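The values are calculated or read from the model by the stated rules, or taken from the named source; none is laboratory data. Everything numeric in this text was worked out from a predicted model, so none of it was measured. Virtual Cβ from ideal backbone geometry, glycine too; neighbours counted across all protein chains shown. When the accessible area is computed, the model is the full protein with side chains, heavy atoms only, and any ligands, DNA or RNA have been set aside. Shrake-Rupley method; radii C 1.70, N 1.55, O 1.52, S 1.80 Å.
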Amino acid sequence: MADGGGACGGGGGSVDEFLAECEKSGDAAYAAFRSVLERLEDPTTRAGARVFLSDLQGQLQSRPPSEQCFDKFHFQIEEIVLDQYQGYQGRKKLTMMIIPSIFIPEDWSFTFYEGLNRHQDSIFKDKSVAELGCGNGWITIAIAAKWLPVKVYGLDINPRAVKISWINLYLNALDEKGQPIYDSEGKTLLDRVEFHESDLLSYCRDHNIKLERIVGCIPQILNPNPDAMSKMITENASEEFLHSLSNYCALQGFVEDQFGLGLIARAVEEGIAVIQPAGIMIFNMGGRPGQAVCRRLFERRGFRINKLWQTKVLQAADTDISALVEIEKNSPHRFEFFMGLASDQPICARTAWAYGRAGGRISHALSVYSCQLRHPNEVKTIFEFLKNGFHDVSSSLDLFFEDDSVADEKIPFLAYLASALKEDSYFPYEPPAGSKRFRNLIAGFMKTYHHIPLSADNIVVFPTRAAAIENALRLFSPRLAIVDQHLTLNLPRKWLTSLVMEDAEAKDPLEDEITVIEAPHQSDLMIELVKKLKPQVVITGMAHFESVTTSAFQHLLDITKDIGSRLFLDISEHFELSSLPASNGVLKYLAGNPLPAHAAIICGLVKNQVYKDLEVAFVISEEQSIFKVLSETVELLEGNTSAISQNYYGCLFHELLAFQLADRRRHSEREAQKPKSVDAIGIANSAISVLNDSELSISEDQDSTLIHMDVDQSFLHVPSPVKAAIFESFARQNVSEAELDVGLNIRQHIKSEYGFPTDNSTELIYANSSLSLFNKLVLCCIQEGGTLCFPAGSNGNYISAAKFLKANIVTVPTQSAEGFKLTEKSIIEVLETVKRPWVYICGPTISPTGLLYSNHDIEKILSACEKFGARVIIDTSFSGLEFGSDGWGGWDLANSLSKLNSSSNPAFSVCLLGGLSFKLLTGALKFSFLVFNRSNMVDAFHSFPGLSQPHGTVKYAVKKLLGLRERKSGELMDAVATHIEMLKSRSKRLKETLEENGWDVLQPCAGLSMVAKPSAYLDKTVSIKPTPKDGVCAEEGSTYDIKIDNTNIREALLRSTGLCINSSSWTGIPGYCRFTIALDENEFNQALGCIVKFRNVISK
């Protein structure tokens, strides 16, 4: 800094010497004022420095006009008159200094201040405020002077602007004699105002300052220059560069960049993070992009907005709008300009450009918007999630809703989803009966709003109401069922056309001969039918006029009990997710009376405000045995109900319960039923037999934590692209049909992965789970009179499901020498003895062994099947994560099938069944598909409706992820590679641990599971603690011994260590148990510890 600048204004130098120093250059003038600021900051020299500034201002007023002063001395001191603006009271003017390297106040900032004046005087009173892009600080100081906020932070990225703002603060906080000016509360502007160098709100964010008001007069960039911000910003940078900061020339990475609004968009999103829940943001908005675009910038981020003020300003003559002309050329968007200040008809950028080139003056609107978050805490949660690696998704976010009820539903769900995706690295295990959280919320709603004392163990969740009804009928397998005509739409045609109502003794128990009679939607007519026909099962709803009282329901309960029928009553039409639910006779009855053992309640949830096709259903039963068999039935026939759907409706229940005070509501009129375990009335013997013999999921006790190596789910880390796709699928609005059409992507996927031939005419069938698609194929096999052939060593749940559906099943022997794989020889030996064979093949990855079928293997098997006209089901659901596949080479089914399709056997057909949750690492996001190579199978498949379809949000996410995979997107492909390496490492570690502890292991090379034989433990004895179901004395601390064999190894390991596996009765391979390895890292390590612990328990 020059010596003259150091003496002037500080050490007794004259005003003339100071001006002489300033005249040298803009940098010299700035250095001179830095010296003055240092004296102003020192309380001992503050008064003298302020007097010097008064003298400086006085001398300038006696010199030539101020414009020449600015050019000659590189600064200017001027007065901004405030009392001319509407509604202003208080200080009449501000004394302000400017220098060339900072933004000079102009129409934009004056209009902005006018807009602030239109707010009530209380808008800033006693509030914490920040002004973005404060320039020389005049608006910051004016806010403090007029409205007396607790604190105003003036923020600017230009370091010189901040220094000059401090000088202006002292100019207005002290009088001409250097004495403090006190306001009505006894404070000075120095108590209320601070200026800081800050890129937008970074200072407040870094210092954890929460604001109640944020204001900003932020420029719009007409031709963003990505390189403009690449230089280091320091106060020693050139004046030209520092002045350019007032235009923030860099692209901001927002969709609004294309309209020049990217910087404002970033300011708004940064503001969401630091604004208090009831806070208000006020921004100046140039109207060139169009008023709708300006409003949408705020509205899609969850703000309610109010236009405070609007005027027109002339477009600066030196501003090039050709970039806007180019945008109009390449898009349908039209910018808004006006011819002069008087015109009210907008013209586009191209017209404005031509008019301006011809010498005309063009203007644009300038508006001041006040905005406030409609769901502040939830929106904050959403943006906190997006800024942590999901910024790209923010361009798809749309939180604007015309209907407040829609906003009140969707924004809290998005916040819940954002929180869950941010905090959870994987989707945790949920029992087949439904998410425990979701069932607890349903029970809580019933208790709080309807005074019915239910628990989670009274509720079973189904994908849809149709699935609940069909599954219940298959479970009870009645000779005759009467079903409300409104509820028969998705039942199998055969049930609705059968007339087999008599001669029950002659009925073949293996045949599906359910007869369904449709009944009117009116209880008195239904009751008349029930009395006459005496069905085993009744499924009905109630007319609206009957639903408001208990009498119709009581009459149905009485008549079905008298004739020994099981009753399922549907309340879907009358169940309201509301804080003021209407009177409901059924729920009113249950508030005072337990639900009889022969009755259950069905409720399909479809009444949400956003997604009319998003469904989940639940069944209520207070009979423990019914809860158990319904849970097992949904596991066998549907798999797990969509976690996303449960979470969506769970969020609605949570919102209705969150504001309730505990124990304030009156207590239930009756006590909750104590769990009872009695024989289930009316359940088909065949169903009971299958359920008892199946190894299904193990239910956890209230206080126990089990480790599940017995479920076909992945609990590995869900990668960021998957989380982004899930969130974006819900964040979007107005999604087009094309964005939900996954057909092309699925065809490309099965072609590239398996070489399966398809074309545009090939019908693709989608479902939530591969298991539900498989079960429809089983029904096709039964209808055709076929026999389902399973290789020994197939997925146990699939075999149990087929048995439950009463399919005719044959096991194809496999040998340990071939790794228990199906071979051409073994399949031929079986097919020679079977009529109308259906062959199930799990591949390329075999579940549960984790081995692979080569292309040569599958070609030989298909050739053998073709000779016998077999229908072949190839299940690829467990494929896609091959880690020991060197030399495997993949599949080319197109070549294999092209040879076979040319043969003369018309019965031969192949369908490809698949799922994407493993291949795309989607965790709980389930999506499965089915495709036939022969169209004649499609009609048979569709004769069994009721398939639970994936919701549009799932299709959107899957399409996005398949697109990333096709483009070999780095992050997704890296995640897949990481998972494959992890599975390879896991299989090695598990194999080593098992072998070290007495198990014989079949080495896997793909998938999520492996099998091993407990050779060292057979015929050994283990002591375990009894439970009530053991039927032995359960005194405290008592144990009893069991001898380990293939039938009880699962129970012994579970009771000794808490580790859940599948035994050989599930795998179908004598002696071999199944272990899944796609666990969370901590649980996998605990599982290894359980295996060691089991050896130690046996050793004792």
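Considering only residues that are within 21 Å of Glu185 (Cβ to Cβ) and either touching a Cys at 6+ places or on another chain (Cβ under 6 Å) or open to solvent by less than 10 Å² (accessible area, probe 1.4 Å) (or both), which ones fall in the stretch 147-158? Trp147, Pro149, Val152, Gly154 - these are the residues of the stretch 147-158 that are within 21 Å of Glu185 (Cβ to Cβ) and either touching a Cys at 6+ places or on another chain (Cβ under 6 Å) or open to solvent by less than 10 Å² (accessible area, probe 1.4 Å) (or both).
All but one of (1) in contact with a Lys or Arg (Cβ under 6 Å, 6 or more places away or on another chain); (2) surrounded by fewer than 20 Cβ atoms within 10 Å (Cβ to Cβ) hold for Gly880; which doesn't? In the conditions (1) in contact with a Lys or Arg (Cβ under 6 Å, 6 or more places away or on another chain); (2) surrounded by fewer than 20 Cβ atoms within 10 Å (Cβ to Cβ), Gly880 misses (2) alone.
Name the single residue that is most open to solvent (accessible area, probe 1.4 Å) among those in the stretch 1073-1091 being in a helix (DSSP H, G or I) and among the acidic types (Asp, Glu). If we take residues in the stretch 1073-1091 being in a helix (DSSP H, G or I) and among the acidic types (Asp, Glu), then Glu1081 is most open to solvent (accessible area, probe 1.4 Å). Of all residues assigned to the stretch 164-173, at least one qualifies as being open to solvent by 10 Å² or more (accessible area, probe 1.4 Å), at pLDDT 95 or above and not polar (S, T, N, Q).
Is it the case that Ser752 is of a type in the set (Ser, Thr, Tyr), open to solvent by 10 Å² or more (accessible area, probe 1.4 Å) and not in a helix (DSSP H, G or I)?
Numbers: of a type in the set (Ser, Thr, Tyr): yes; open to solvent by 10 Å² or more (accessible area, probe 1.4 Å): yes; not in a helix (DSSP H, G or I): no.
No; evaluated as a whole, the condition is false for this residue.
Against the list (1) modelled with pLDDT of 95 or more; (2) within 21 Å of Thr845 (Cα to Cα), the condition Gly1007 fails is (1). Return the total of residues in the stretch 781-828 being part of a helix (DSSP H, G or I) and not hydroxyl-bearing (Ser, Thr, Tyr). Residues that pass the stated criteria total 16. Taking the stretch 356-374, which residues are modelled with pLDDT under 95 and open to solvent by 30 Å² or more (accessible area, probe 1.4 Å)? Selection gives Gly356, Arg357, Ala358, Gly359, Arg361, Arg374. When Gly923 is tested against (1) more than 30 Å from Ile469 (Cβ to Cβ); (2) buried (at least 18 other Cβ atoms within 10 Å of the Cβ), just one condition goes unmet, and that condition is (1). A residue that is in a strand (DSSP E or B), hydrophobic (A, V, I, L, M, F, W, C) and in contact with a Phe, Trp or Tyr (Cβ under 8 Å, 6 or more places away or on another chain) occurs somewhere in the stretch 312-331. The single condition among (1) over 12 Å from Asp484 (Cα atoms); (2) modelled with pLDDT of 90 or more; (3) not charged (D, E, K, R) that Val538 does not satisfy is (1).
Give the residues of the stretch 384-415 that are of a type in the set (D, E, K, R) and either in contact with a helix residue (DSSP H, G or I) (Cβ under 9 Å, 6 or more places away or on another chain) or assigned to a loop (DSSP other than H, G, I, E, B) (or both), sorted by residue number.
Within the stretch 384-415, Glu384, Lys387, Asp392, Asp398, Glu402, Asp403, Asp408, Glu409, Lys410 meet the criteria.
Can you tell me which residue among Leu557, Leu587, Leu577 is open to solvent by less than 10 Å² (accessible area, probe 1.4 Å) and touching a strand residue (DSSP E or B) at 6+ places or on another chain (Cβ under 8 Å)? That would be Leu557, the only listed residue that is open to solvent by less than 10 Å² (accessible area, probe 1.4 Å) and touching a strand residue (DSSP E or B) at 6+ places or on another chain (Cβ under 8 Å). Of the residues making up the stretch 95-118, those that are among the polar types (S, T, N, Q) and either surrounded by fewer than 18 Cβ atoms within 10 Å (Cβ to Cβ) or not in a loop (DSSP other than H, G, I, E, B) (or both) are Thr95, Ser109, Thr111, Asn117. Within the stretch 524-544, being under 14 Å from Val586 (Cβ atoms) and either assigned to a helix (DSSP H, G or I) or open to solvent by 50 Å² or more (accessible area, probe 1.4 Å) (or both) holds for one residue alone: His544.
Within this structure, Val778 fails the test of being part of a strand (DSSP E or B) and modelled with pLDDT of 95 or more. Checked across the stretch 1020-1032, the condition of being modelled with pLDDT of 90 or more and either within 24 Å of Ser800 (Cα to Cα) or open to solvent by 10 Å² or more (accessible area, probe 1.4 Å) (or both) holds for at least one residue. The condition of being within 21 Å of Ala32 (Cα to Cα), part of a helix (DSSP H, G or I), open to solvent by less than 10 Å² (accessible area, probe 1.4 Å) and not basic (Lys, Arg) holds for only one of Ala144, Ala161, that being Ala161. Just one of (1) open to solvent by 30 Å² or more (accessible area, probe 1.4 Å); (2) part of a loop (DSSP other than H, G, I, E, B); (3) under 25 Å from Phe715 (Cα atoms) fails for Asn647. It is (2).
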